[in-house]
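K.L.:
One structure follows; several queries about it will come next.
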Amino acid sequence: MTTKEQIVEGALSLFKRMGIRGVTMDMLAEHLGMSKRTIYENFENKDQIVEACVQLQNKNRQALADQITSASTHYLETYILFMWAHINQLRTINPIFMFDLKRLYPKTICKEEAEFDNLIQDKMLKFIELGKNDGIFRQEVNSRIVSNIVLEIFKLLYKTDNETPFLANFPFTEVFEHISITFIRGLATTKGIEMIDYYYNKHKPIV
């Protein structure tokens, strides 16, 4: 691993734990066990580090997606595995990190979000249509309407408590799980519900 990669890995770890605004360059240098001069030799400022962190996070997310897809035997299982993987990620991230990213670095996050939203919406459309063709989702479901709605619902997770006071008293992980399962079961036929429940129970972590 290069020095630059070490800096990005270390910064992302700190940002996820403490938020972006709460991490100074001095703290980052101490965390990495290197001088600030070394950091500035690789990055001109904190903004560049944040952008590199977002790129690394997207790279890690894609690697996880490939891993899950390879391990799945059915697209419903893929959906459930993605749900649990994201829940595990949410457990390691301080919500302040996402709030800081949106508030302090809107250009960086907006560009990444737009690309990610388009990708997710396209995959969701194909997912619903595939389920309809296989008799897992109801035929009357309008795939385009549903894919738009669910994307906007998931975005509620990354709004501040002031924007979504009705969710403020619930853990991110619990809200995400409820949205994910309620959404997919609402589309399903009797056959689909049986399959969803099977994969849900198969991969549900033992607490």
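The values are calculated or read from the model by the stated rules, or taken from the named source; none is laboratory data. Predicted, not measured: the structure shown is a model, and the values here were computed from it. Reconstructed Cβ throughout: ideal geometry from the backbone, glycine too, with neighbour counts over all protein chains shown.
K.L.:
Cβ-Cβ below 6 Å, separation at least six or inter-chain, first residue in the range 62-79 and touching a residue at least 60 places away in the same chain (Cβ under 8 Å) and among the aromatic types (Phe, Trp, Tyr), second surrounded by 13 or more Cβ atoms within 10 Å (Cβ to Cβ) and in a helix (DSSP H, G or I): which pairs?
P.N.:
So the pair list comes out empty.
K.L.:
Another question about this same structure. Does Leu157 fit the bill of being surrounded by 16 or more Cβ atoms within 10 Å (Cβ to Cβ), at pLDDT below 90, aliphatic (A, V, I, L, M) and under 19 Å from the mean Cα position of the chain (by Cα)? Even if it seems obvious, please write down each step before you answer.
P.N.:
Values: surrounded by 16 or more Cβ atoms within 10 Å (Cβ to Cβ): yes; at pLDDT below 90: yes; aliphatic (A, V, I, L, M): yes; under 19 Å from the mean Cα position of the chain (by Cα): yes.
Here the answer is yes, as Leu157 does meet what is asked.
K.L.:
For the range 188-206, check the following and say yes or no: at least one residue is under 15 Å from the mean Cα position of the chain (by Cα), modelled with pLDDT of 75 or more, of a type in the set (Asp, Glu) and on the phi < 0 side of the Ramachandran plot.
P.N.:
There is no residue in the range 188-206 that is under 15 Å from the mean Cα position of the chain (by Cα), modelled with pLDDT of 75 or more, of a type in the set (Asp, Glu) and on the phi < 0 side of the Ramachandran plot.
K.L.:
Among the candidates Arg144, Arg103, single out the residue that is modelled with pLDDT under 85 and among the basic types (Lys, Arg).
P.N.:
Arg103
K.L.:
Basic (Lys, Arg), surrounded by 13 or more Cβ atoms within 10 Å (Cβ to Cβ) and under 28 Å from Lys123 (Cβ atoms) - does that describe any residue in the range 31-50? Break it down into steps so the answer makes sense when it comes.
P.N.:
We begin by selecting, within the range 31-50, every residue basic (Lys, Arg); these are 36-37, 46.
Add one more test, that the residue is surrounded by 13 or more Cβ atoms within 10 Å (Cβ to Cβ), and what stays is 36, 46.
Among the residues that remain, those that are also under 28 Å from Lys123 (Cβ atoms) are: none.
For the range 31-50, residues basic (Lys, Arg), surrounded by 13 or more Cβ atoms within 10 Å (Cβ to Cβ) and under 28 Å from Lys123 (Cβ atoms): absent.
So that you can scan it fast, the table gives a plain yes or no per residue for (1) more than 26 Å from Phe82 (Cα to Cα); (2) modelled with pLDDT of 90 or more; (3) of a type in the set (D, E, K, R):
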site: Glu5; (1), (2), (3): yes, yes, yes
site: Ala11; (1), (2), (3): no, yes, no
site: Glu30; (1), (2), (3): yes, yes, yes
site: Gln55; (1), (2), (3): no, no, no
site: Lys59; (1), (2), (3): no, no, yes
